[in-house]
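The values are calculated or read from the model by the stated rules, or taken from the named source; none is laboratory data. This is a predicted model, so every value here is computed, not measured. Here Cβ is always computed from backbone atoms with ideal geometry, including for glycine, and neighbour counts include all displayed protein chains. Each accessible area value is taken on the protein alone, full model and side chains, heavy atoms only, with ligands, DNA and RNA left out. Shrake-Rupley method; radii C 1.70, N 1.55, O 1.52, S 1.80 Å.
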Amino acid sequence: MNQCQKKQEESGFSEDIHTRKGLQNKKIAFFHLPGLFEFYELYKIFLPLWRQHRDWFYPWCEISSIYGAPADSLWGGGRTSFGQASASSVINLMNEYGISARLTFSNSLLKNEHLTDKKCNELCRLFEKSGKNGDSGQYESSGQNGKKQQTKPVKNGVILHSDLLSSYLKEKYPGLYQVSSTTKVLTSFNDFKAELDRPDFLYVVPDFRLNKCFDRLESLSQEEKDKVEFLCNECCDFSCKNRKACYENVSRKNLEQEVPDHKCRAPGGERGYSFSLAKKNPAFIGLKEIQEKYLPLGFSNFKIEGRGLGSAIVLEFLLYYLTKPDFQLEVREAVYLDSMLDLF
């Protein structure tokens, strides 16, 4: 047993990992979706469709986790969150569908005095407890054709940037797995490789500009490939030099520092996010590439960004990556006609 596997065994992740290994051998794509708190109302509509009409969706795709953070999270990073859903509502929904819940705590500027934040510590406590026990142990919900299904609660995790926070969480909340955030902007493959070799991380999200470095990616061991989580739909300009500064600006805002908004100077930056533009990005990973390139190479984890966008465009991601074309209209109608959801 190597050091990474030993760490996973000690943290209680072995059963989850071994189960996933079997699915990975069947070339399953595991998606990590945006908006745990931010798009709770959307997932409350979408997930029943996912379960009750599984034939509408690609059989080789699974929802592995949904990530996000509530509004005013001091440890938050990547995007300034606007999520208003309660922690208990989020946890119950994820447990009902057997989906891992990830807290996005990727603030890069944390100091020792920030580690005592009550709100973020309480969230970690709740998410760790839920991952251990799932409140009542198992959850019943209606499956396809109205049948009852029991779902075993899964481990929850934290996406982070700060090594200080990583050490703190490892000691205080060891039941939460850790994900190395793309906000580290690891554009050097050697730096990315070194991050993969760190046993504390169950997953590592590289900078999107490494997505197509196939000569180096193919050389990774299968154990390393299992830890890679590709960011598929980044719209940021491929040549952007200010990505780290943009993330630091968000970190300062979450720390309630009075700083002006970061002004993106990359080509097209003033227009904001566009999925059609993201598809033209050299680093974009489309559905066909996942199925025909990445899965055969042994990669299985794919992250979709979008926490700072609206429900309507996140729905488009769910349609594009998960839904068979013949059933996209059915999913759209089910979501659009739900009067409880404000899509725009």
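Output the pairs from LYS170/LYS293; LYS212/LYS280; LYS111/LYS193; LYS118/LYS170 with a Cα-Cα distance over 24 Å in this structure; if there are none, say none.
Over 24 Å apart, Cα to Cα: LYS170/LYS293; LYS111/LYS193.
Of the accessible area of region 285-337, with the probe set at 1.4 angstrom, what percent is carbon plus sulfur?
After summing per-atom areas, the C and S share lands at 53 percent.
Could you run the Karplus curve 6.51 cos²θ - 1.76 cosθ + 1.60 with θ = phi - 60° over region 204-218 and give me ³J(HN,Hα) per residue in whole Hz, x for Gly and Pro?
Whole-Hz 3J(HN,Hα) from phi for region 204-218: 9, 9, x, 4, 4, 6, 9, 4, 10, 7, 5, 4, 7, 4, 5.
Starting from the 7 Å offset along Cα-to-Cβ, what nm value, one decimal, do you get for the label separation of THR116 and LYS288?
Here the modelled spin labels are 5.7 nm apart.
Sort 32-41, 328-337, 203-212 by packing, meaning the average of other beta carbons within 10 Å per residue, with the highest value first.
So the order, starting with the most tightly packed, is 32-41, 203-212, 328-337.
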